[in-house]
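Engineer: Provided herewith is a single structure, encoded as structure tokens, for subsequent inquiry.
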Amino acid sequence: MNNKAILSADLGVNTRLAHIGHDPSSYHGFINPPVVHASTVLFPDCHTMETRGQKYSYGTRGTPTTDALCEALDELEGSAGTILVPSGLAAISVPFLAFLSAGDHALIVDSVYAPCRLFCNAMLKRLGVEIEYYDPEIGAGIETLIKPNTKLVHTEAPGSNTMEMQDIRVISEVAHKHGCVVTMDNTWATPLYFRPLDFGVDVSIHATTKYPSGHSDIIMGSVSANAKYWPQLHETAIIMGICGSPDDSYQILRGLRTMGVRLEHHQRSALDIARWLESRDDVARVLHPALPSFPGHEIWKRDFKGASGVFSFVLKVDDSANFKAKAHALLDTLSLFGLGYSWGGFESLALHVNLSDRTIRKAPKDGPLIRLQIGLEDVADLKRDLEAGFAAAAAV
């Protein structure tokens, strides 16, 4: 059977995840594609070598293993092409370098992933790119910030840590009126819960380190572009020699098979805990887009098909001098929640968020911001763990 022939649009998401990115008939019937380790690729003759008249020419330009993952991601994203890069940050920096030049102006959402801001401020500014940050809830008002030299608008929804929702379709429409490329970090939702290219985004960015991997053991990123911007993105990756490894690609491809099932569990558990936190007197606010109380809930409800396992809450603290002490007391008491960066794995994580780099959407004033990644553990156990943390914070 030709695997690609059965992938019709009416198939369920888990069925598609089980069948994308491989063709058993091409590999003697084996279910999984082989891991092809390659640098040098041999050519049959000089003419073929000179004209690159065969599919593979060198390891950095793709292998059957990396191609399998790219094909799977294109299927999920609806994109014309995908590149693989060594990290989530590289998935941001490579397209920025592809589409920005000295003298250009770029609009970056202020709730952006912090390492992205560091790259913009430390690298792009040094290369002569003008960087301006904008309010994530600006919507159509972004038109007032676009200049004649504005070339790129970067979005992220929900925003890192503070979870602001953006009206992606409206921002894209305005940006395209002025000839700007629109990029989006869609790591939180994955293409299962939001497909950026369907909402006007040109380039969809993911830290596949997170949910596609699912096991906290792979660092990788992906960048998927529409037909208009794919050639330039692909050329940039080739020029820079940026590529993903075959071993990591195989692991990510394997992780995709269960991503739908895992995301359902993350979503269900995170919403349960978010509602529980919202009912507590020692919590000032819960920042989760799927909660009706959240300011951006209507945008999430309209545009997104689901929510993942990452959200934040503000611990209620009367005295700002105790913000850090209260947060640390809570976090240091946790035993099931690990203290660690990243997310998307099977284990729950917690983090006291530092928002000192923000220029517009600054840290809340009513208490420290705690970000949670709800893993695959049982919710009752996670609540007991948090209960112990709240008790410790109250004792400070």
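The values are calculated or read from the model by the stated rules, or taken from the named source; none is laboratory data. Note that the coordinates shown come from a computational prediction; the quantities given were computed from them, not determined experimentally. Here the Cβ positions follow ideal geometry from the backbone for every residue, glycine too, while neighbour counts run over all protein chains shown.
Engineer: Of everything in segment 362-396, what is within 17 Å of Arg117 (Cβ to Cβ) and surrounded by fewer than 19 Cβ atoms within 10 Å (Cβ to Cβ)? Give them in sequence order.
Structural biologist: So the first thing to find is which residues in segment 362-396 are within 17 Å of Arg117 (Cβ to Cβ), and the list is 362-363, 369, 371.
Those that are within 17 Å of Arg117 (Cβ to Cβ) and surrounded by fewer than 19 Cβ atoms within 10 Å (Cβ to Cβ): Lys362, Ala363.
Engineer: Right, something else. Quick one: Ser216 ticks every box in (1) buried (at least 22 other Cβ atoms within 10 Å of the Cβ); (2) more than 19 Å from Cys120 (Cβ to Cβ) except a single one, so which number is it?
Structural biologist: Failed condition: (1).
Engineer: Just a yes or no: is a residue in segment 233-249 in the same structural domain as Pro33 (by TED's automatic domain parsing), of a type in the set (Gly, Ala, Ser) and on the phi > 0 side of the Ramachandran plot? Before the answer, list the steps.
Structural biologist: Going residue by residue through segment 233-249, those that are in the same structural domain as Pro33 (by TED's automatic domain parsing) are 233-249.
Next, from what is left, pick out any that are of a type in the set (Gly, Ala, Ser): 237, 241, 244-245, 249.
If we keep only those that are on the phi > 0 side of the Ramachandran plot as well, we get 241.
So far as segment 233-249 goes, yes, one or more of its residues are in the same structural domain as Pro33 (by TED's automatic domain parsing), of a type in the set (Gly, Ala, Ser) and on the phi > 0 side of the Ramachandran plot.
Engineer: Hey, another quick one. With the requirement that a residue be part of a helix (DSSP H, G or I) and more than 17 Å from Phe199 (Cα to Cα), what does segment 285-312 give you?
Structural biologist: Going residue by residue through segment 285-312, those that are part of a helix (DSSP H, G or I) are 297-303.
His297, the sole residue that qualifies.
Engineer: Given the criteria farther than 30 Å from Arg262 by Cα and either surrounded by 15 or more Cβ atoms within 10 Å (Cβ to Cβ) or of a type in the set (Gly, Ala, Ser) (or both), does Ala350 qualify?
Structural biologist: On the way: farther than 30 Å from Arg262 by Cα: no; either surrounded by 15 or more Cβ atoms within 10 Å (Cβ to Cβ) or of a type in the set (Gly, Ala, Ser) (or both): yes.
Criteria not met by Ala350.
Engineer: Does Glu137 satisfy being in contact (Cβ under 8 Å) with a residue 24 or more places away in the chain, out of contact with any strand residue (DSSP E or B) (no Cβ under 7 Å at 6 or more places or on another chain), of a type outside the set (Phe, Trp, Tyr) and buried (at least 23 other Cβ atoms within 10 Å of the Cβ)?
Structural biologist: On the way: in contact (Cβ under 8 Å) with a residue 24 or more places away in the chain: yes; out of contact with any strand residue (DSSP E or B) (no Cβ under 7 Å at 6 or more places or on another chain): yes; of a type outside the set (Phe, Trp, Tyr): yes; buried (at least 23 other Cβ atoms within 10 Å of the Cβ): no.
No; evaluated as a whole, the condition is false for this residue.
Engineer: Which fully enclosed helices (runs of 4 or more DSSP H) of segment 1-81 have 1 or more residues being surrounded by 15 or more Cβ atoms within 10 Å (Cβ to Cβ) and at pLDDT below 90?
Structural biologist: Details: elements: 13-19, 46-51, 64-77.
Passing ranges, in order: 13-19.
Condition check ((1) surrounded by fewer than 24 Cβ atoms within 10 Å (Cβ to Cβ); (2) under 26 Å from Arg285 (Cβ atoms); (3) in contact (Cβ under 8 Å) with a residue 60 or more places away in the chain) across all residues:
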{"site": "Gly141", "(1), (2), (3)": "yes, yes, no"}
{"site": "Gly159", "(1), (2), (3)": "no, yes, yes"}
{"site": "Arg169", "(1), (2), (3)": "yes, no, yes"}
{"site": "Glu173", "(1), (2), (3)": "yes, no, no"}
{"site": "Lys177", "(1), (2), (3)": "yes, no, no"}
{"site": "Val181", "(1), (2), (3)": "no, no, yes"}
{"site": "Trp188", "(1), (2), (3)": "no, yes, yes"}
{"site": "Arg195", "(1), (2), (3)": "yes, no, yes"}
{"site": "Asp198", "(1), (2), (3)": "yes, no, yes"}
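Engineer: Would you be able to say whether some residue in segment 188-197 is modelled with pLDDT of 95 or more and either over 16 Å from the mean Cα position of the chain (by Cα) or at positive phi (or both)? Steps first, please.
Structural biologist: Step one: filter segment 188-197 for residues modelled with pLDDT of 95 or more, giving 188-197.
If we keep only those that are either over 16 Å from the mean Cα position of the chain (by Cα) or at positive phi (or both) as well, we get 190.
Yes, the conditions are met somewhere in segment 188-197.
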